[in-house]
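Beneath this line is the structure, given in structure tokens, with notes to follow.
None of the figures in this text is laboratory data; all of them are computed from the coordinates on show. Just so it is clear, the structure is predicted and the values come from calculations on it, not from any experiment. Every residue, glycine among them, receives a Cβ derived from its backbone with ideal geometry; neighbour counts consider all protein chains shown.
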Amino acid sequence: MSLTAGIVGLPNVGKSTLFNAITKAGVEAANYPFATIDPNVGVVEVPDERLENIAKIYHPQRILPTTVEFTDIAGIVKGASKGEGLGNKFLANIRQVDAICQVVRCFEDPNITHVTGKIDPIDDIETINLELILADLETVEKRLAKVQKIAKTKDKEAVLEYEVLIKVKDALERNQLANSLEFYPEQEPYVRNLFLLTRKKMLYIANISEEEAGNPESNPYLKEVEELAHSQGAQVVPISARIEEEIAEFDDEEKESLLSDYGIKESGLDRLIRSVYHLLGLATYFTAGEKEVRAWTFHQGMKAPQAAGVIHSDFERGFIRAETMSYEDLMTYGSEQAVKEAGHYRSEGKEYLVQDGDIMLFRFNV
């Protein structure tokens, strides 16, 4: 499975600068609204030192990390849901992402204009969220017009979908995000089919200045964003987009040196990806051999057959067993054979819950 995230925000909050940094895509970052017209899509390798350490033991022909796909859309302004600045078109580009990363401007700079004329991250967030709500409300109302007539005939599925639509509509009309609602298992398919923007997990990226990067808590706006995010069950990652852009062109050793100069232990990209993984309940398992060492993303709570299905549906369909060892055991004993001799190499069945860091070999027969 590939992880996808949409990057949204008002114009001139640092969206495209951040996107440039994390994807090295060279996307235009102009100081005026709608510099980004078409969505920019970039695929980023997920940094994971475990992958490199496993490769040192197996010496594979190739190393394949798991990836995150970021979609950067044009800055959203008030009225975007109604097509202001072609906003509705932009919003359509992120309807199928797994999570939405909302970049919020938390820095002062007289040389970079703010679309509203003042720095107010809470107002910015409310503007973006309202446009997401209005876009979803339009989606729900269109579907409701079709389903309502059928529901009157007592069609069981139509009645069930109608109840879902009314529940979502009522929440949206109260300016409530759909991700705050709970649904019964039988209702979930109807909710998923709506591809609601406000149902997606939300992560706020607080774009702070270079001077505050080493001590983000000194930023007066960050606490406001954190309090709002906490009330929504969302997460906040403080990042200096300018620093990320600066270090993007350097190798790992040079990056560490530059980050150290700013008093930062790890890059914003690493923290962003880890936060998105945590937000979505994701983890990583590995496959390893002479041909390749590879990382795979899976949902925590997956049993072995479903995790095998991440590689190929045939692996899940014909699952027999999973031979596995933990990353920690491999590092402790130094080789797969040594793990086996120590009695820590296991054969797991269909009920095994895959753990983050497991190194798996799936046995299947189709």
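Can you tell me how region 230-366 classifies by the Cα gyration tensor, rounded, prolate or oblate, using a/c under 1.5 as the rounded cut?
Here region 230-366 falls in the prolate category.
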(request) Report the antiparallel proportion of the DSSP beta bridges in the chain as a percent, rounded to a multiple of 5. (result) 50 percent
(request) Would you be so kind as to identify all helices of the chain, as entire DSSP H runs, whose Cα atoms reach 24 Å or more along the helix's own axis and whose mean Kyte-Doolittle hydropathy is at least -1.0? (result) 121-151, 156-173
(request) Let me know the number of lysine pairs in region 131-198 closer than 19 Å at the Cα, not counting same-chain pairs under 8 apart. (result) 13
(request) Considering the options 215, 263, 236, tell which one lies farthest towards the positive end of the dipole of region 201-268, charges being +1 on Lys and Arg and -1 on Asp and Glu at the Cβ, about the Cα centre. (result) 236
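Just want to confirm a number: the relative contact order over region 215-366, from Cα pairs under 8 angstrom separated by 6+ residues, in percent. Working shown, then result.
Details: 196 pairs, mean separation 32.3, N = 152.
With pairs under 8 Å counted, the relative contact order is 21 percent.
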(message) What does the C-alpha gyration tensor say about the overall shape of region 233-287? Classify as rounded when a/c is under 1.5, otherwise prolate if a/b is larger than b/c, or oblate.
(response) oblate
(request) Would you compute, for the Cα atoms of the chain, the largest minus smallest coordinate along each principal axis and list the three values in descending order, in whole Å? (result) 65, 65, 33
(message) Sequence gap at least 6, Cα distance under 8 Å: using those rules, report the relative contact order of region 301-364 to the nearest whole percent.
(response) 50 percent
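Quick one: dipole size for region 131-198, taken about the Cα centre, charges +1 on Lys/Arg Cβ and -1 on Asp/Glu Cβ, in debye to the nearest 20. Write down the numbers at each step before the final one.
Details: 11 positive and 13 negative charges, 65 e Å.
Dipole magnitude for region 131-198 comes out near 320 debye.
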(message) Below 8 Å, C-alpha to C-alpha, sequence gap of six or more: please give me the relative contact order for the chain in percent.
(response) 19 percent
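Shape call for region 121-242 from the C-alpha gyration tensor, a ≥ b ≥ c root eigenvalues: rounded (a/c under 1.5), prolate (a/b greater than b/c) or oblate?
Judged from the Cα gyration tensor, region 121-242 comes out prolate (a/c at least 1.5, a/b above b/c).
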(message) Could you sort the peptides 5-11, 208-214 by per-residue average Cβ neighbour count (10 Å cutoff), highest mean leading?
(response) 5-11, 208-214
(request) Would you calculate a helix-derived [θ] at 222 nm for the chain, using -39,500 (n - 2.57) for each DSSP H run of n ≥ 4 and dividing by the full residue count, to the nearest 500? (result) -11500 deg cm²/dmol
(message) Checking the cross-link filter: which aspartates and glutamates have an alpha carbon closer than 19 Å to that of residue 201, excluding same-chain neighbours under 8 positions apart?
(response) 69, 72, 98, 124, 126, 131, 136, 182, 188, 226, 227, 270
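Regarding region 131-198, what whole-number volume in Å³ per residue does the convex hull of its Cα atoms give?
Here the figure is 70 Å³ per residue.
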(request) Pick out, in residue order, every one of the GluC sites (Glu not before Pro) in region 230-280 that is DSSP loop and has at most 15 other C-beta atoms within 10 Å; say none if there are none. (result) 249, 266
(message) Could you sort the peptides 179-189, 143-153 by per-residue average Cβ neighbour count (10 Å cutoff), highest mean leading?
(response) 143-153, 179-189
